[in-house]
Structures are given as C-alpha cells and as structure tokens.
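The values are calculated or read from the model by the stated rules, or taken from the named source; none is laboratory data. What you are looking at is a predicted structure, and each value in this text was computed from that prediction instead of being measured. Cβ atoms come from the backbone with ideal geometry, glycine included; neighbour counts cover every protein chain shown. Surface areas here come from the heavy atoms of the whole protein model, side chains and all, with no ligands, DNA or RNA. Shrake-Rupley method; radii C 1.70, N 1.55, O 1.52, S 1.80 Å.
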Amino acid sequence: MTSQTLREARKYEETSEKLIGKEERPDFHLTPRTGWMNDPNGFSYYKGRYHLFYQYYPYESKWGPMHWGHAVSSDLLHWEYLPCALAPDEAYDRDGIFSGSAAVLPDGRQLLMYTGVLKEHQERDIYREVQTQCMAVGDGIDYEKYEQNPVLDQRDIPEGSSRFDFRDPKMWMKADGTYACVVGNRPADGSGQILLYESADGFQWKFKSILVSNHDRFGKMWECPDFFELDGKWVLLTSPQDMLPEGFEYHNGNGTLCLIGDYDEENGSFKEMQNQSVDYGIDFYAPQTVAAPDGRRIMIGWMQNWDACGIRSPEEPWFGQMSLPRELSLKDGRLYQRPVREFDAMRRNKIEYADVAVSGVVKLDGIKGRKVDMELTVRPEGGQELYQKFAVRFAQDDTYYTSLSFRPRESILKVDRKFSGSRRAIIHQRRSLVNTADGELKLRIILDRFSVEVFVNDGEQVMSAAMYTRQEADGISFFADGTANIDVVKYELE
Ligand code: FRU
C-alpha cells in the first residue's frame with residue numbers, strides 16, 4: 001500500500017523531471033530526478049540491473065525531509081529513474097528516511113535497511129532526532145515497510161552511546177546465507193564508532209560487537225560505514241564529520257576515511273593496519289559499494305561536500321550528483337580506484353599527442369570539451385632542469401577556468417575552481433601530496449559538464465570536484481613554468 005506522502009512525491013517528481021533539459025544535467029553521473037540529492041543508498045545488483053537509491057528531497061533543491069530516490073542501470077553510467085522508493089510516512093520515520101542499504105531475501109525479494117528518524121521533544125522549543133534502523137521489502141519498484149519496525153533502537157546500542165547518532169546501516173549477506181550490518185554511532189566520548197549486528201533472516205538483528213572505535217582520531221561522528229573484503233584484506237569506509245586536517249591526508253570538515261586491516265568474523269573484531277583518505281579533492285562524501293556479479297567491488301560517492309553546498313543556488317532545478325562508479329583494489333597496502341571498465345565504451349574520437357614540449361601556455365588542436373576523458377603524462381624535458389610548475393586548465397573561456405597544478409619539487413597537486421563561476425566564499429581549492437619520480441606524473445581527467453574527477457598515477461589517488469561553470473567554457477590549455485613534456489590522449493564521451 002503506497003501512502004499519500006509517497007504518492008505525492010511520485011506524482012511531483014514525474015512532472016518536475018520534465019522541466020529539466022538533458023543538457024542541464026551531467027551525461028553519465030546520476031543527479032536527482034528533481035530537487036535535492038545526497039548520499040548513495042541501497043547500491044545493489046538486483047534482477048539483472050544495478051539499483052542505486054539516494055537521499056532525496058524532491059520538492060526543493062535543498063535538504064528537507066528525506067525520501068529515497070531510485071534509479072537503475074545496466075552499465076552504471078546510463079541511469080533510468082524509477083519512482084521514489086521510500087517516503088517519511090510512518091510513525092517511526094516521519095521525520096526522514098536516512099541512509100541505508102540493500103540485500104536480497106532467499107525468496108527473491110529485495111530487502112532494504114534504512115535509518116528512520118523521529119523528532120523527540122526535549123524542552124522549550126528544542127527537538128532532537130531519534131534514529132532507529134528499519135526494514136522494507138519490495139520487488140525492485142514498490143516497497144512495503146516491515147510491520148515490526150524499527151528493528152534496532154536504543155536498546156541495541158552499547159551503554160552510554162547516543163540514540164540521536166545511530167544511522168546509516170550497510171548490510172550484506174554472508175557466505176552462509178545469514179546477514180550482517182555495520183551502523184555508525186556516537187559513543188560516550190563524543191566521537192564515532194562502528195557497530196556490528198547480525199541477523200539470521202534479515203529482520204531480527206542482534207548486536208555483535210563494536211567493530212571500530214574512533215577515539216577522537218579522525219573527526220567526530222562516523223557516518224555511512226561500509227565494510228567488505230577486498231584482495232585478501234578487509235576495508236572499512238566511513239565518512240567522519242568535523243575532521244581536523246592532518247598534513248595533506250585529511251582536511252577540515254566532512255571527510256572520507258578508509259581503514260584497511262584484518263577481520264575476525266567469529267569475534268567481530270577488526271585489526272586496523274592502514275588508514276588513508278578515499279578522495280583528496282573537494283567534493284566526495286558518504287561512498288557506498290556494491291559487489292558486482294563478476295566479483296568487482298564498485299564504489300559510488302556523493303560528489304559534494306556538506307560545507308560547500310552553497311556553491312549552487314537553491315533556485316536551480318537539481319542539486320547534488322554522484323561520482324563516477326569506481327572499481328576498487330588494494331595495492332601495496334593502499335586503496336586504488338579506477339573508473340569502471342564499462343566507462344571505456346563511452347570513449348569516442350581519440351586525439352593523441354606525444355612528447356609535446358610545454359613552456360608558457362600551450363593549446364592543442366582538438367583538445368577541448370566538457371565531456372572529456374583525458375590521459376595526461378607530464379615529465380621534465382630530457383637534459384633540462386626540472387620545471388617549477390605544470391598546470392592544466394579546463395572549463396575555460398575568457399572569464400572562467402578550473403585548474404590542476406603540479407609543483408614537482410613539493411610533489412603537490414592542487415585542484416582549484418576559484419574561477420569556475422562560484423559566487424560563494426567557500427572552499428575552492430584542495431592540495432594533495434602525490435607520488436612522483438623525478439617530476440613525472442600521470443593523470444586521467446574526466447569531465448562531465450558539472451564536475452572533474454582526476455585519477456592520479458593509475459588510481460593511487462583521486463581528486464573530485466563539482467563545478468557549475470557555464471557550458472560554453474569548454475577550453476583546455478596547458479602551462480609550464482620551465483619546460484615540461486606531455487603526452488595527451490583525449491576522448492569525447494558519449
Ligand atoms: C551523510 C548523512 C547521513 C544521513 C544522511 C541524511 O551525508 O548525514 O549520516 O543518513 O546524510 O540525509
């Protein structure tokens with residue numbers, strides 16, 4: 001039975017979607033059908049297609065009472081919208097359907113797990129959001145909430161932990177057919193922890209352990225955990241709030257964290273070995289992964305940052321986009337990311353330049369566009385002194401550009417969208433320490449109208465940023481202080 005609230009949302013999005021032209025959206029990054037989008041939710045493979053749900057407020061391009069939007073795709077790049085899947089319409093979730101995940105039941109139905117939010121009156125005009133975990137079951141289009149929701153509440157969290165910060169369940173089916181999930185929570189120390197739960201049938205959940213404790217190391221509350229096996233290790237992804245910067249690894253505000261280690265499933269304990277950022281750019285948060293049928297682990301993140309949402313005016317018909325789907329792997333104790341291989345099928349009209357000497361500003365014939373995949377190798381010219389700085393500018397016209405610049409002596413790569421047309425005093429730059437051998441650097445730069453994603457050194461690092469520069473600004477140019485030689489392979493994307 002669909003509620004009035006859900007019916008209204010479905011009706012509204014169907015009409016409003018028509019008011020947004022195809023050219024007003026990215027081509028292969030998912031945006032909300034209409035209105036606002038944040039975190040990816042329920043990223044899964046079900047009945048032969050990838051499903052991606054998302055935090056959704058259809059009625060305005062700003063955050064509001066959360067729904068789950070829904071889209072499906074067979075290649076992770078061309079998405080088809082399905083009707084809004086969940087609306088805040090029950091006594092236990094009427095203030096929001098927060099982030100969550102999807103799995104499959106033995107009878108073939110799809111199982112969703114999400115955080116239900118309910119405002120509780122404290123004193124005077126103060127309300128706080130109580131968060132519980134809830135289930136819904138469906139056929140890939142319509143979902144019915146479980147009659148015994150919520151399935152996890154304050155009785156299921158460790159003593160002293162917060163029932164106001166208890167959210168974003170990510171569940172998976174274990175090899176034996178039972179289920180497990182991780183949930184973000186705030187312990188008594190005020191920082192973050194990840195709780196592990198188990199369930200035989202996907203409906204009755206039991207607390208297993210505190211999988212990882214933040215102890216105030218990486219920000220405060222940990223949001224949107226994901227936990228999976230990858231190349232013989234276990235990886236915990238989470239998005240900490242209120243981070244302090246740490247060298248060039250972690251930046252202020254909302255960030256992304258990857259912990260790599262060993263998992264003892266029997267005891268529910270995780271032994272951390274390595275930590276790193278997931279994305280070193282400006283806009284990337286709350287990533288979620290799916291296990292593809294062929295075994296690949298694929299991640300999508302919200303290509304936005306809470307502190308920088310003001311970059312786009314709420315007058316625009318949509319806000320928020322997903323990142324490219326990225327294949328994950330581990331190499332030398334690090335998380336590597338590369339665009340999903342399905343992406344290569346979109347490349348058209350290859351243009352190639354080898355060993356072009358760049359000194360000052362250089363433009364190359366045919367190298368321009370806002371839907372571009374460009375591989376770029378930079379190196380010092382043989383026998384010459386190391387260049388001081390190399391830069392590539394894109395989304396460029398006489399007024400605007402966004403740039404990537406690299407200083408080989410410092411090994412620092414910087415993304416800068418100060419001149420992208422933003423009228424807000426928010427973060428527009430971010431720097432990352434990258435690996436370079438004698439001034440050589442490999443970049444793969446992907447543009448899709450409103451964003452740039454840079455895969456550094458074959459995916460050793462990624463930097464993502466949204467940019468809302470007018471589309472006429474489609475120039476690309478290269479610059480070197482000193483002389484740098486570049487190889488360029490550029491494709492249009494279709
Ligand atoms: C992360 C987050 C989640 C929450 C959702 C609400 O971006 O704050 O923790 O479930 O957004 O929209």
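Given contacts defined as C-alpha pairs under 8 Å and at least six residues apart, what's the relative contact order of the chain, whole-number percent?
Numbers: 1368 pairs, mean separation 60.4, N = 494.
It rounds to 12 percent for the chain.
With the other protein chains left in place, how much accessible area per residue, in square angstrom, belongs to the stretch 139-241 at a 1.4 angstrom probe?
Using a 1.4 Å probe on heavy atoms only, each residue of the stretch 139-241 averages 39 Å².
If packing is taken as the average number of other Cβ atoms within 10 Å across a peptide's residues, how do 142-153, 93-104 rank, most packed first?
Per-residue Cβ counts within 10 Å, averaged per peptide and sorted highest first, yield 93-104, 142-153.
Among Tyr114, Leu52, Leu433, whose Cα lies farthest out toward the positive end of the dipole of the chain, if unit charges sit on the beta carbon of Lys, Arg (+1) and Asp, Glu (-1)?
Checking the options against the dipole of the chain, the answer is Leu433.
Compute the whole-percent fraction of alpha carbon pairs in the stretch 190-267 spaced more than 18 Å apart.
That fraction is 47 percent.
Give the residue from Gly192, Gly366, Val415 lying farthest towards the positive end of the charge dipole for the chain; charges sit on Cβ (+1 for Lys and Arg, -1 for Asp and Glu) and the dipole is referred to the Cα centre.
Among Gly192, Gly366, Val415, the one farthest towards the positive end of the dipole of the chain is Gly366.
So how tilted is helix 4-17 from the main axis of the chain? Cα-based, degrees 0 to 90, rounded to 10.
20
Is the C-alpha gyration tensor of the stretch 270-313 telling us rounded, prolate or oblate? Criteria: a/c under 1.5 is rounded; beyond that, a/b larger than b/c is prolate, otherwise oblate. Walk me through the intermediate numbers first.
Values: a/c = 3.43, a/b = 1.55, b/c = 2.22.
It comes out oblate by the Cα gyration axes.
About the Cα centre, and with charges only on the beta carbon of Lys, Arg (+1) and Asp, Glu (-1), how big is the dipole of the chain? Nearest 20 debye, please.
In total the dipole reaches around 840 debye.
Distance from the Cα centre of the stretch 1-66 to that of the stretch 255-291, in angstrom?
First find each Cα centre; the distance between them is then 27 Å.
Suppose each label sits 7 Å from its Cα in the direction of the beta carbon; what would the Glu144-Met173 distance come out to in nanometres?
In this crude spin-label approximation the distance works out to 2.0 nm.
Any idea how far apart Asp264 and Asp216 come out in nm if each label point goes 7 Å out from Cα toward Cβ?
Each label point lies 7 Å from its Cα, and together they span 2.8 nm.
If packing is taken as the mean number of other Cβ atoms within 10 Å per residue, what is the order of 207-218, 293-304, 349-360, highest first?
Result, highest mean first: 293-304, 207-218, 349-360.
Excluding Ile282 itself, what net charge comes from residues whose Cβ is under 14 Å from its Cβ, given Lys and Arg +1 and Asp and Glu -1?
+2
Computed on alpha carbon atoms, what radius of gyration and Dmax characterise the stretch 346-493, expressed in Å?
Expressed in Å, the Cα Rg and Dmax of the stretch 346-493 come to 14.3, 45.
Taking the Cα centre as origin and putting +1 on Lys and Arg beta-carbons and -1 on Asp and Glu beta-carbons, what dipole magnitude results for the stretch 346-493, to the nearest 20 debye?
That gives a dipole near 740 debye.
So for the stretch 1-86, averaging the separation of alpha carbon pairs under 8 Å that are six or more residues apart and normalising by length, what relative contact order in percent results?
This gives 26 percent for the stretch 1-86.
How long are the semi-axes of the ellipsoid equivalent to the chain, from square roots of 5 times the Cα gyration tensor eigenvalues, in whole Å, largest first?
39, 25, 21
Of Met273, Met299, Leu259, which is farthest towards the positive pole of the stretch 229-388's charge dipole, taken about the Cα centre with +1 and -1 on the beta-carbons of Lys, Arg and Asp, Glu respectively?
Highest projection toward the positive end goes to Met299.
Find, among the trypsin sites (Lys or Arg not before Pro) in the stretch 413-458, those assigned to loop by DSSP (not H, G, I, E, B) with at most 15 other beta-carbon atoms within 10 angstrom. Please report the intermediate quantities before stating the final value.
Details: sites: Lys414, Arg417, Lys418, Arg423, Arg424, Arg430, Arg431, Lys442, Arg444, Arg449; in loops: Arg417, Lys418, Arg423, Arg424, Arg449.
For trypsin sites (Lys or Arg not before Pro) across the stretch 413-458 that sit outside H, G, I, E and B with at most 15 neighbouring Cβ atoms in 10 Å, the list reads Lys418, Arg423, Arg424.
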